[in-house]
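Below is one structure, written out as structure tokens, with a few remarks after it.
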Amino acid sequence: MPPSYSRAEIQALKVLDECGLDEPTDFLIETIIRGRGCSYEEKALTGKEGEIVSFHDQSIITINSGIDFFPKKRFAQAHELGHYELHREILPMISDTEYNMVSWFQSNPYEKEANEFAAEFLMPTEIFRKECSGDLEPDLIDYLSDGFNVSKTAAMLKFVKCGHVPVGLVYCKDNKMGWFKATDDFKEYIEFDYGMPPPFGTVAFEMFNTKNVYQGDERMQDIYKSCWLKLKHQEQDYMIREFCLFVPSYNYTLSLIWVI
Ligand SMILES: [Zn+2]
């Protein structure tokens, strides 16, 4: 199925094209930002990951110099570049917390667009899809996040969006469900209840309650389908898989769920 693109994604591909790039893995994003006519600096910011200030025809992007994880810094840079490309004439100043960059289902349309821009800019859909062959397992997510130099969170979200296998992704923060994203075949079956703890029997439930983090091959756990997905009429329960990523610095989990 050919991908359908949002306005922000189209703009991301246009910027790549105008820079003569298929994808920006081998380039520093700040070089691209400056090449687009925007000033760039890094300095200590309190409670913010990045910001952009625009005045007349001048814009400056500032990224928090305290970000010590390179893929996270690249996402913040691409997010601010998205604001520059899409919103600089509408919004004179935008400040971004980490929350803005992990909350993909917030109502603010400008933040949603900046995240869509960043995801497409860093992981162009057509190239990403070609790299998604092979069985879904944690190693594939590692391969994608390493290859595109993005966080596992960003790679998981893109994987679900590409939607070539039935899969769901549930975000929980502070032991409460925050949002989910799923392919059409999963969407109506996910056991999602906003603000409630993840269901008993899920790996997310276990992580919040025991702080147990699985490593290596154990990152992929078998769980009963009925823990995360509503069973169809008269359907027998069976085992499905959950790869639950725990991000202790922000106390959130991301559960990737799929059928074996
Ligand atoms: Zn933003």
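Throughout, read-outs are computed from the coordinates displayed, never taken from laboratory work. Since the model is a prediction, treat every value here as computed from it, not as a measurement. Cβ: placed from backbone, ideal geometry, glycine included. Neighbour counts: every protein chain shown.
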Tilt, helix 152-162 to longest principal axis of the chain (alpha-carbon atoms), in degrees rounded to tens, equals 80
Out of M156, M220, M196, any idea which swings most in a Gaussian network model of the chain, alpha carbons joined below 10 Å? M196
Using only the alpha-carbon atoms, how far is helix 138-148 inclined from the longest principal axis of the chain? Give it as 0 to 90 degrees, nearest 10. 10
Dipole moment magnitude, nearest 20 debye, region 71-155 about Cα centre, only Lys, Arg, Asp, Glu C-beta charged: 180
Looking at V53, L28, V15, which one has the Cα that reaches farthest to the positive end of the dipole of region 7-125 (charges on Cβ: Lys, Arg +1; Asp, Glu -1)? V53
The size of the Cβ-based charge dipole (Lys, Arg +1; Asp, Glu -1) of the chain about the Cα centre, to the nearest 20 debye, is 440
Listed residues P248, P71, P198, most fluctuating in the chain (Gaussian network, C-alpha, under 10 Å): P248
Under a Gaussian network model of the chain whose springs join Cα atoms within less than 10 Å, the largest fluctuation of K152, K72, K130 belongs to K130
Size of electric dipole in region 7-125: Cβ of Lys, Arg +1 and of Asp, Glu -1, about Cα centre, debye, nearest 20: 200
Using alpha carbons only, how many degrees (0 to 90, rounded to 10) separate the axis of helix 109-122 from the longest principal axis of the chain? 90
Shape of region 97-235, Cα gyration tensor, a/c cut at 1.5: rounded
Output the relative contact order of region 36-181, whole-number percent, from Cα pairs under 8 angstrom with separation of 6+ residues. 18
Could you please state, rounded to a whole Å, how far the C-alpha centre of region 180-211 is from the C-alpha centre of region 16-68? 35
Compute the Cα gyration tensor for region 1-62, then decide on rounded, prolate or oblate, letting a ≥ b ≥ c be the square roots of its eigenvalues: rounded whenever a/c is under 1.5, prolate when a/b is larger than b/c in the other cases, and oblate in all that remain. prolate
Counting only other residues whose beta carbon sits under 11 Å from that of N251, what net charge do I get with K and R as +1, D and E as -1? +2
Would you mind checking the pairs K14/K161; K176/K232; K112/K161; K158/K230; K152/K181 and listing those with alpha carbons more than 22 angstrom apart? K176/K232; K158/K230
Using only DSSP helix segments of four residues or longer, with each worth -39500 (n - 2.57), what per-residue ellipticity at 222 nm results for the chain after dividing by its residue count and rounding to 500? -11000 deg cm²/dmol
Over the chain, what is the mean sequence separation of C-alpha contacts under 8 Å (at least six apart), divided by residue count, expressed as relative contact order in percent? 14
Sticking to Cα atoms, compute the Rg of the chain to one decimal and its Dmax as the biggest Cα-Cα distance, whole number, in Å. 18.8, 63
Rounded, prolate or oblate: which one fits region 17-140, using the alpha carbon gyration tensor with axes a ≥ b ≥ c (rounded when a/c is under 1.5, else prolate when a/b beats b/c, else oblate)? prolate
Among V170, V53, which comes first, then next, by fewest other beta-carbon atoms within 10 Å? V53, V170
Using the number of other C-beta atoms within 10 angstrom as an exposure proxy, rank D142, D96 with the fewest first. D142, D96
